[in-house]
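Taking it in order: structure first as structure tokens, then the write-up.
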Amino acid sequence: MPDKMFLESYPLYRPFKFAAPSMLHQLPRPAINFECPQCKSNQTYNIRHGRYVGQEHGHRDCTGTAVHAVYVCNGCGKDLREFFLHFSDDRNKVTKIGQFPPRTIKSNVDVEKLLGEHPEYLRRGQICEEQSYGIAAFAYYRRIVEEVIDELLAKVSGLIDPAELATYQEALDRVKTTRVAAEKIDLVKDMLPSILRPDGINPLRALHEALSEGLHSQTDEECLELAEIVRDSLVFLATQINISTAASANFTSGMKKLLEKKAARNASQEGAA
């Protein structure tokens, strides 16, 4: 096993670069963490009996070999997590060819809100990623961008500095003249407020560049990388915009209440005088 991340979150059928030892008993056996349905909490799992299935029959060569790892919950000693792994003939790659129970696909609530009637696009794209169908995943995420880009850009306007709002609004007006998502992003990508650019990284620019690559010449592996960029950018933008908008609304509401109380107190003092 390369490490716990590979077992916990790496998708199926996607080769992972890993210099495997020559023999099965030399493979690392990292502890992993999952939510245990028996313990109803996050628990540490360790490989059962301290070895891989088949290792009990003596030393086995890892070259081109498929192995079975069974992990058991340390808390209850009952819940199991099973992994089926295949090592390449040159022992430079390992592929997860099976996992039970299947890895849970968690959707992002903020992105699903933006999708309105089509929340299934995000879930289907994530399922395609899990199965390493990069072209299919990228197609779903590109469709999401095409569906939500107008609303997303309109929401961004509420976070723009007032001094730059007129310029942004002009760009939004030009956005309405095109139906191409990449062109819409290109018109406004350099106007994002700093709150949407962590460490100076522009998620709209990342979206634009990924979409511009297209679907017609990349491999599944290349599209899978692009799909991850598109999904991560969308999730960040949707989440950060919603957080910032809610914070702004709460601040405005709080300030109004504060001013109203101050006005009422002043009126009371003037009446008493």
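Taking Cα atoms only, the orientation of helix 220-272 departs from the longest principal axis of the chain by about 40 degrees. Dipole magnitude for the range 113-248: about 420 debye, using +1 per Lys or Arg Cβ and -1 per Asp or Glu Cβ, origin at the Cα centre. Just Pro102, Pro15, Pro198 to compare: in a GNM of the chain, with alpha carbon springs under 10 Å, which one fluctuates most? Checking each option, the largest mean-square fluctuation is seen for Pro198. Sorted largest first, the principal axis extents computed over the alpha-carbon atoms of the range 1-80 equal 39, 28, 16 Å. When both the range 20-34 and the range 134-191 are represented by their alpha-carbon centers, they are found 46 Å apart.
Here volume of the Cα convex hull per residue in Å³ was computed from the coordinates, and among [x] 199; [y] 140; [z] 372 the match is [x].
Quick one: net charge around Ile135, please, counting Lys, Arg +1 and Asp, Glu -1 for every other residue with C-beta under 14 Å from its C-beta.
On the way: positive: Arg14, Arg124, Arg142, Arg143; negative: Glu129, Glu213, Asp220, Glu221, Glu222, Glu225, Glu228.
Within the 14 Å Cβ shell, the charges total -3.
Axis angle, to the nearest 10 degrees, between helix 120-130 and the longest C-alpha principal axis of the chain: 30 degrees. Taking every protein chain into account, the accessible area of the chain amounts to 55 square angstrom per residue (probe 1.4 Å).
Keeping the other protein chains in place, figure out the carbon and sulfur percent of the accessible area of the chain, with a 1.4 Å probe. Working shown, then result.
Details: 7800 of 15120 Å².
The nonpolar share, carbon plus sulfur, comes to 52 percent.
Compute log10 of I(q)/I(0) for the range 91-223 with the Debye formula, placing one identical point scatterer on every Cα and leaving out solvent, at q = 0.15, 0.19 Å⁻¹, to two decimals. Cα-only, vacuum Debye calculation for the range 91-223: -0.83, -1.18.
The values are calculated or read from the model by the stated rules, or taken from the named source; none is laboratory data. Everything quoted here is computed from the prediction, not taken from an experiment. Neighbour counts are summed over all protein chains in view; Cβ atoms, including those assigned to glycine, are modelled from backbone coordinates with ideal geometry. Note: areas computed on protein heavy atoms with side chains; ligands, DNA, RNA excluded. Shrake-Rupley method; radii C 1.70, N 1.55, O 1.52, S 1.80 Å.
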